[in-house]
Structure formats: C-alpha cells, structure tokens
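Working notes, beginning with the structure itself.
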Amino acid sequence: MSFSDFLNKSWNDHAKDASAVAARWPEGISLLEKNEQIPSFANLITHVMGEHLGEWSKGIETLNQLRSASVFDPASESEGAIQRSVASLEVAGGLRQSLEGYSTSEQIRILAVAASALSEKDAKRAQELFRSALSKAGSGLTKEDPANRSLAITGNNLACALEEKSSRSAAETELMIMAAQTGRHFWAVAGGWLETERAEYRLSQTYLKAAQPELAVSHAKKCLEICSQNKAGALEVFFGYETLALAEKSAGNTAGFNLAVQNAEQAFTQLTDDEKPWCEASLKKLKD
C-alpha cells in the first residue's frame, strides 16, 4: 500500500471507526515516502485524535513520533505543521495556556483547529477559542495567509456540529450562525466558487435550524445562483434545490416548495450512478 492509499483509506474510514484508524498510525509512519507528506498526515492525526476521540495526550505523542520518520526534515514546513498540531491538541485539552512565540497567523490556525476539536465536546470552550481566533484575524490577513482556510474550515465544522444537536441554547444558536457566516466569508477568500457555493448551502441549513426560513431561502437561492454562474455539476445543483425546498416548506411557500422538489428530481436524473446513492434518502424525504 502506498502512503497516498493509506491516507485516503483513513479519511474514508475515520468517521465510522476512528479508533481503528488511530490504531494504524505506526503503519502510516512506515509508509511515508517523502517529507512533504507529513503535514497532511499531521492534519489527519489531529482531526481523528481531537474531534473524534478527544485523546489529547495520545494525539500529541503520535504527532511527535512523526519526527522519527526516515523522510522527516526538521528544517521544513513539516516541523511547523507538527508544532502547530501539537499546540492545537494542547490548547483543546487544557494542557497549554499561552501561545507566546507563535506568529499571529500561527496562533489563529492553532486556535481554530482547537475550537474545531472541541465543537462536539465542549461548545462553550469551542466558542471562546473561535472568538479568540476571529479577534486575532481582525488585525488583517493577506489573501494568501493559510489562517483564512483554517477559519473557513472551523466555521463550517462548528456550524455542522451545532446544527446536529437536538436542542440548542440561545448562545449556541448565535454561535452556529456566526460560525456559518464566518465559513462563508473565509471560503470566499481561501477557496473557489465551489467552496463558496457550499458555504451558502451551509448558511441555508444553519438558518433552517435557527428557525429563520426567509434567510434560509435567500442563501439557498444564492447557492443555486453560484451553481448556475459556474455550470456546476448535477450533485451541487441537487443539494441546492434540496435546501431550497426545505426552506420554502419551512417558510410556508407551497408553490416554491413544489417547484424546488421538481428541480431536485430533475437534477437527480442527471447524477452519476456513484452519486445517486448519496442523494436517494434526501429525495425520498422531500417527497414523503
């Protein structure tokens, strides 16, 4: 197995069985073929050990073991990636209080990853860390700064985690909306039209959960506008109409709901055989 195959399999499997994926870290280290692969591996380890398992100390230990790989170059970005990842797990686990010595950009990235790691375990602490990262970003970031992407990813992850809660406090609803808005803002900086379109979808879903259907409709339409402008594939269009249908239904617009369902059905017919299974349940729910 190549390291690329290992990484892809781990990402595919981690949501179903994070512990099994974590048990394969030594194998991954042995499969590393070049130093440039270490940052992506550090990202996977941090995500699994943080967001999914909450095993801060074990995650830190594993990250530090990356330096034992024969291909590791301590004078490269790999060392920086390891250091930031370790600091994120330390912050999330309450093992570090200060980020002195790190640049503002690095501090933002560390805090954003830590907030994401706590999104489903400690919403209050995640909110504190996320707000701290946003406050530091207020001083201004260049378009090329990797902190933009970290904030975009964290905004999306926080919004998703809070959307899935069966009940939310007023503060959690406020954080959910702020997180989705943050994701939309920073994906427009760090990503392309696809990421921006999906961020509009996320905002539509967030406003649905926040019981604000008019805003959910507005952002669903913006999602579809971006799809139209960029000739998006049927999968993106399907989910755009799915969230529009749900938003129109929530707003009490029966005609708008029926039209959106019809358009979702049309997009479904254009999906590939591999894509259809992803969407069947969503379409059935719309038609029930």
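No value in this document is a laboratory result; all are computed from the given coordinates. It should be emphasised that the depicted structure is a prediction, and the values quoted were computed from it without experimental measurement. Please note: Cβ atoms are built from the backbone with ideal geometry, for glycine as well, and neighbour counts cover all protein chains shown.
Largest GNM mean-square fluctuation among Leu224, Leu31, Leu44, using the chain with Cα springs under 10 Å: Leu31. Helix-only estimate, please: 222 nm mean residue ellipticity of the chain, summing -39500 (n - 2.57) across DSSP H runs of length 4 or more and dividing by its residues, to the nearest 500. It comes out at -23000 deg cm²/dmol, rounded to the nearest 500.
All other residues with a Cβ under 14 Å from the Cβ of Ser78 taken together, and with Lys, Arg as +1 and Asp, Glu as -1, what is their net charge? Numbers along the way, then the final one.
Numbers: positive: Lys34, Arg67, Arg84; negative: Glu33, Glu36, Asp73, Glu77, Glu79.
Neighbourhood net charge equals -2.
Average projection, convex hull of the Cα set of the chain: 16.1 square nanometres. Cβ-to-Cβ counts within 10 Å put Ile38, Ile153 in ascending order as Ile153, Ile38, the fewest first.
If you filter region 209-288 for trypsin sites (Lys or Arg not before Pro), then keep DSSP loop positions with at most 13 other Cβ within 10 Å, what is left? Walk me through the intermediate numbers first.
Numbers: sites: Lys209, Lys221, Lys222, Lys231, Lys249, Lys284, Lys285, Lys287; in loops: Lys231.
Filter output for region 209-288: Lys231.
Computed log10 I(q)/I(0) for region 192-288 at 0.12, 0.14, 0.19, 0.20 Å⁻¹: -0.32, -0.45, -0.83, -0.92, from the Debye equation with unit scatterers placed on every C-alpha and solvent omitted.
Centre-to-centre, using Cα atoms only, region 89-144 and region 238-269 are separated by 37 Å.
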